[in-house]
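In what follows, a structure is listed as structure tokens, so that the remarks can point back to it.
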Amino acid sequence: MSFFKKLRDSIASKAETVTNKFKEGLSKTRSAFVEKVEELVLRRKKIDEEFYEELEEILISADVGVNTVMELIEELRGEVRKRKLENPADLQPVLSEKLVGMMQGAEDSSLNMAARGMTVILFVGVNGVGKTTTIGKLAHRFKSEGKKVLLAAGDTFRAAAIDQLEVWGQRAGVDVIKHSEGSDPAAVMFDAIQAAKTRGVDVLLCDTAGRLQNKSNLMDELNKIYRVIRREIPDAPHETLLVIDATTGQNALSQAKMFGEKTGVTGLVLSKLDGTAKGGIVIAIRHELNIPVKLVGLGEKIDDLEQFDSEQFVHALFAGLIQKETANEA
């Protein structure tokens, strides 16, 4: 059975709305990446050094990441020798199979929830990456699952951040615990936890300031927030999610490295994936860092936040080819 057919069969059991969201959200990356690979395959008659060089360029321009690309090309060379492949078209399913392999880790992409009692999720990341939007969308998601949700406005550095979180809170129909601009974020977290306990909240989503990742005072601030949360709920935060903007490509990878080292990040959220042709960064991040991608932002609407699924991701990228193979079978 071909890899594309296996992928198609696997996707068939998943929600069609989710499959369509991934397809639509990755359309720019599909044009910049897979359609260029298709064009290369049609143009080149054999798999030679020039073919590999062009493929390398396409992968790097889609922000798959130099280290990941070198490793991928090496693996493809091995498969070409092993399977005695000569026609470039035969390499496309092999490439997609390798990409799925690179993105699948041992970790689960589902969010880690408290076994009992309240779940606390802390959000970190630099300004402008879509952190507040992600919190609002996730609040909506939890609420639609019947959970009682509360938001903590821990980014006290900017008044706009508090206001923005309140707007999202209203959209999602959940309350926000806030202090005035410039107040101590750890004090906000303390008050939010007390309020959450009193109200019997299931999920507490905590925003934090997003000044540059190399500022030591920001890291000190985050450590203080951690200490306050742990003192009140010993096994919290249950997730520390780093939100990164997929449109920034390699810069997103360096942010993930910096934050991952310093803040005990347990998962990544890739926002604005629908707005970029650089979706290959997902492959680079997943492969080069041992941090699972948990959620992806695939649009502007309140329900355009999905759990990351490597099969859905690759299926969305190679949708055109899978469709062609299906048509040929018929």
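Key figures for this structure:
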| quantity | calculated |
| --- | --- |
| Simple label model, 7 Å out from Cα along Cβ direction - residue 5 to residue 110, nm | 3.1 |
| Residues whose placed amide H lies under 5 Å from that of residue 175, excluding near-sequence neighbours | 151 |
| The range 1-75-the range 118-191 distance, computed between alpha-carbon centres (Å) | 36 |
| Inverse of mean 1/r across different Cα pairs in the range 1-139, Kirkwood, Å | 18.1 |
| For the range 181-198, Karplus couplings with θ = phi - 60° (6.51, -1.76, 1.60), whole Hz, Gly/Pro x | 4, x, 6, 6, x, 5, 5, 4, 4, 4, 4, 5, 5, 4, 4, 5, 5, 4 |
| Beta bridges by DSSP in the chain, antiparallel share as percent, to the nearest 5 | 10 |
| Computed lengthening from residue 31 to residue 56, 0.36 nm per intervening residue step minus Cα-Cα distance | 7.4 nm |
| The range 18-77, relative contact order [Cα under 8 Å, separation at least 6], % | 29 |
| Nonlocal amide H pairs with residue 124, under 5 Å, H built at 1.01 Å | 241, 242, 243 |
| Length-normalised contact order of the chain in % [C-alpha pairs under 8 Å, at least 6 apart] | 27 |
| Residue-wise HN-Hα coupling along the range 302-311, computed from phi with Karplus coefficients 6.51, -1.76, 1.60 (Hz; x: Gly, Pro) | 5, 9, 8, 10, 10, 5, 5, 9, 4, 5 |
| Accessible surface, per residue, of the range 69-193 when the full set of protein chains is kept, probe 1.4 Å, Å² | 44 |
| Which of 233, 206, 124, positive extreme of dipole for the chain (C-beta unit charges) | 233 |
| Inter-site label distance for residue 94 and residue 160 at 7 Å from Cα along Cβ, in nm | 5.0 |
| Cα-Cα pairs of the chain separated by more than 35 Å (percent) | 27 |
| Estimated dipole of the chain in Debye, rounded to 20 [Cβ of Lys and Arg +1, of Asp and Glu -1, Cα centre] | 640 |
| Residue 82-residue 199 pseudo-label distance in nm [points 7 Å out on the Cα-to-Cβ vector] | 5.4 |
| Helix-only mean residue ellipticity at 222 nm for the chain, each DSSP H run of n ≥ 4 adding -39500 (n - 2.57), per residue, nearest 500 | -17000 deg cm²/dmol |
| Spin-label zone in the range 278-321 - amide nitrogen under 15 Å from a point set 7 Å from the Cα of residue 254 along the C-beta vector | none |
| Of 5/272; 5/82; 147/178; 131/224; 28/147, pairs whose Cα-Cα distance is over 26 Å | 5/272; 28/147 |
| Within the accessible area of the range 60-154 (1.4 Å probe), percent carbon and sulfur | 47 |
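The values are calculated or read from the model by the stated rules, or taken from the named source; none is laboratory data. Note that this is a predicted model, so its numbers are computed, not measured. Every residue, glycine as well, gets a Cβ built from its backbone with ideal geometry; the counts of neighbours run over all protein chains shown. Surface accessibility is based on the protein's heavy atoms, side chains included, excluding ligands, DNA and RNA. Shrake-Rupley method; radii C 1.70, N 1.55, O 1.52, S 1.80 Å.
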